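Below is one structure, written out as C-alpha cells, with a few remarks after it.
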Amino acid sequence: MKTQVCIVGGGPSGLMLAQLLHLKGIDTIVLERQSREYVLGRIRAGVLEHGFAALMREAQCGERMDREGQIHDGFFVADGATMHRVDLHKYSGGSSVMVYGQTELTRDLYEARDRMKGQVIHNAEDVTLHDLTSNHPSVTFRAGDEIIRVECDYVIGADGFHGVSRKSIPKTVLREYEKLYPFGWLGVLSRTPPVSPELIYARHERGFALCSLRSNVLSRYYIQVPLTDAVEDWNDDAFWTELKRRLPDEVAARMVTGPSIEKSIAPLRSFVAEPMRYGNLFLAGDSAHIVPPTGARGLNTAASDIQYLYHAMVAHYQRGDDSGLEGYSAKALARVWKAQRFSWWLTTLLHRFPDQSDYDRRLQDSELAYLFSSEAAQRSLAENYVGLPY
Ligand code: APR
Ligand code: PHB
C-alpha cells in the first residue's frame, strides 16, 4: 500500500489528524491495533478547551459536540466543608471549556472518516516501523496470515502510551522523564443526574474526589485510592459512601446514586519523551506525553500536537515549506511542559500523599488560601484550565 502519511493509532489524535489532512487533499492511512468497538468502549475524560473544540469544527466534526456538549464557565474547588468557585470566564478573559466525552468525540471522528471514505485499518497486528531516517519510511502490519507494507513519506506515532512508535526511536536518541504518583483514581460512570451542574474538585483529608458529568442524566465521579486497591475491592455502595464522605455535607446530601455502568482504576502518571521527532517519524499525543487527569490536560495537549503537525504537513505539501516540520518537536514540547507543570501543581495541591507531613499539609492549606484570596492566582489557574495559546 502507498500513502503520504501513515498514522499509527486510531485514537482521537490519529483520527483527528487524518481527518484534517484529508480535507486538505493529503492522503493518509490509519493503522489501529484494536477493533472500533474496543476503542469506543474506553471511557476517558470529557473537558475540551476552546482550541480543541475549534479543531473539531475545522475537521468538520463539531456538529454534535456543539449541539450536545455543555459550555462551562467555571468549576468548584471544595476543601473539607468549604466550596469555592473558580470563575473561568471572568479570569480567563471571556473563555470557557466544553464538557463533551472523549468517547463521543472519537465516535464523531470515526463517522467523519467513514463519510469521507478515509482508510482506517482495524485489528492491525504487529505494527512495525521501518527506515525512519530514510526518505522511504514504511510501516508493516499483520492482518491474519498476511504481512502488509505501507510505504509513505511520513509516519505519525499516535499510538498512545503503550504504542510501538516511541519504542522505535533508539535509546541513544530518546530521553524519557517520568513521575509516578503514589495513588490512582477509581472512576465510576452512572446513569444519574450530576450532583452539580459544574465540576467539583474536592480536597479532603480522606483523599481527593471529583464530581464530573457527561450530560444531565450521566455522571462521572472519581475518588483517590491507594495503588494497591483493585476495582473488585469497591462495590457500588462502598464507592458512593466514600465519595460522599469527601464532599461538603450539602453536596453529599443531594447526591443521587445508582448502579455503576463502568468502574475502573487508573494510576496517576506524568511522562514526557523527547524529542518528538526522529527522522520522518513524528510522535503526537499520549505516545509522547501523559499527565495525571487532575487538570483535564491529556486530550487537550494531544490537540495542540495535532494542530502543529497539521499546519506543518500542509505547509510541506502545499508550499514545500519544511520549517513547521523542523520546528515541530521544540514547539510541541514547549506547550507540553507547561501542561505538565499545571497538572503536577493541581495534583499536588488537591491530593493526600501517603508520606505527607503536617508541614506539607499546612502548605497545601496556605496554597489554597492564597488561591482564593488572590485574583492573580485565580487568573493563572483559569488561563491554564481553559488552555494556554497554541
Ligand atoms: N499499533 C497500532 N495501534 C496501536 C498500537 C500499535 N502497536 N498501540 C496502541 N495503538 C492504538 C490504541 O489501541 C489506541 O486506540 O493507538 C491508539 C492510541 O489512542 P489513545 O491512547 O487514546 O491516545 P491519543 O489518540 O494520543 O489520545 C490522547 O486520549 O488517552 C487519552 O489521556 C489521553 O485524553 C488523551 C487522549
Ligand atoms: C472527566 O469528566 O472524566 C474528567 C473531568 C475533569 C478532569 C478529569 C476527568 O480533570
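Quick one: if the Förster radius is 51 Å, what FRET efficiency do A252 and N135 give, using the C-beta to C-beta distance and rounding to 0.05? Approximately 0.25, to the nearest 0.05. For A330 and R361, the difference between the fully extended length at 0.36 nm per residue and the C-alpha to C-alpha distance is 7.5 nm. Legend note: in the chain, cysteines whose Cβ sits 4.7 Å or more from every other cysteine Cβ are C61, C211. Reported value for region 39-118: 103 Å³ per residue, from the convex hull of its C-alpha atoms.
Students often get this wrong, so check it: of K90/K244; K171/K338; K2/K117, which have C-alpha atoms separated by over 22 Å? Those over the limit are K90/K244; K171/K338.
The angle separating the long axis of helix 298-319 from the principal Cα axis of greatest extent in the chain is about 30 degrees. In angstrom, the C-alpha Rg and Dmax of region 1-81 are 16.4, 61.
Neighbours of L281 by Cβ distance under 13 Å: Lys/Arg scored +1, Asp/Glu scored -1, total 0.
Angle, helix 236-245 long axis vs. longest principal axis of the chain, Cα atoms, 0 to 90°, nearest 10? Once rounded, the angle reads 60 degrees. Of interest is the spacing of the C-alpha centroids, which for region 199-259 and region 15-29 amounts to 40 Å.
With a ≥ b ≥ c the root eigenvalues of the C-alpha gyration tensor of region 344-390, is it rounded (a/c under 1.5), prolate (a/b larger than b/c) or oblate? Oblate is the answer for region 344-390, as a/c is 1.5 or above yet b/c matches or exceeds a/b. Once all protein chains are placed together, D126 keeps about 90 Å² accessible to a 1.4 angstrom probe. The alpha carbon gyration tensor of region 219-338 gives principal lengths a ≥ b ≥ c with a/c of 1.5 or higher and a/b greater than b/c, which makes the shape prolate. Scattering from region 164-206 was approximated by placing one identical point on each alpha carbon and applying the Debye formula without solvent; log10 I(q)/I(0) at 0.24 1/Å stands at -1.05.
With the highest mean first, a sort of the peptides 318-324, 114-120 on other beta-carbon atoms found within 10 angstrom per residue produces 114-120, 318-324. Take the alpha carbon gyration tensor of region 141-294, find the square roots of its eigenvalues, order them as a ≥ b ≥ c, and report rounded if a/c is under 1.5; if not, report prolate when a/b exceeds b/c, else oblate. It comes out prolate by the Cα gyration axes. Local charge for R36 was computed over the other residues whose Cβ lies under 11 Å away, with Lys and Arg +1 and Asp and Glu -1, and equals -2. Of F282, F161, the residue with the largest accessible area leads and the full order is F161, F282 (1.4 Å probe). Packing here is the average count of other Cβ atoms within 10 Å per residue, and on that basis the peptides 344-355, 141-152, highest first, run 344-355, 141-152.
Residues considered: P193, P226, P170. Largest GNM mean-square fluctuation over the chain, using C-alpha springs under 10 Å, is found at P170.
Could you compute the FRET efficiency for M116 and T228, with r as their C-beta to C-beta distance and R0 at 41 Å, rounded to 0.05?
0.30
Counting only protein chain heavy atoms and rolling a 1.4 Å probe, the accessible areas of D305, D159 rank, largest first, as D159, D305.
Compared with the dominant Cα axis of the chain, that is its longest principal axis, helix 102-115 is turned about 30°.
Note on region 78-168: dipole from Cβ charges, positive end direction compared against G157, V97, V139; the farthest Cα belongs to V97. Within region 1-146, the ratio Rg/Rh, alpha carbon atoms throughout and Rh by Kirkwood, equals 1.09. Computed over the alpha carbons of region 300-357, Rg followed by Dmax gives 17.0, 58 Å. Tally up the carbon and sulfur contribution to the accessible surface of the chain as a whole percent, 1.4 Å probe, everything protein left in place. Taking all protein chains in place, the chain shows 50 percent carbon and sulfur surface. With the highest mean first, a sort of the peptides 127-135, 6-14 on other beta-carbon atoms found within 10 angstrom per residue produces 6-14, 127-135. If all Cα-Cα distances of the chain are sorted into 10 Å bins from 0 onward, what percent lands in each bin, rounded to whole numbers? P(r) over the chain, rounded to whole percents: 5, 23, 32, 24, 12, 4, 0.
Among DSSP bridges having both ends in the chain, what percentage is antiparallel? Round to the nearest 5. Let's see the in-between values first.
On the way: 55 of 74 bridges.
Among the beta bridges of the chain, antiparallel pairing accounts for roughly 75 percent.
Extension gain for the segment A315 to K90, taken as residue separation times 0.36 nm less the Cα-Cα distance, is 77.4 nm to one decimal. In the context of the full set of protein chains, the chain has a per residue accessible area of 43 Å² (1.4 Å probe).
Per-residue accessible area (protein heavy atoms, 1.4 Å probe) orders Y38, Y222, Y385 as Y38, Y222, Y385, starting from the largest.
The values are calculated or read from the model by the stated rules, or taken from the named source; none is laboratory data. Bear in mind that the values here come from a model prediction, so they are computed numbers and not experimental data. Here the Cβ is made from the backbone with ideal geometry for all residues, glycine too, and neighbour counts use every protein chain on show. Note: areas computed on protein heavy atoms with side chains; ligands, DNA, RNA excluded. Shrake-Rupley method; radii C 1.70, N 1.55, O 1.52, S 1.80 Å.
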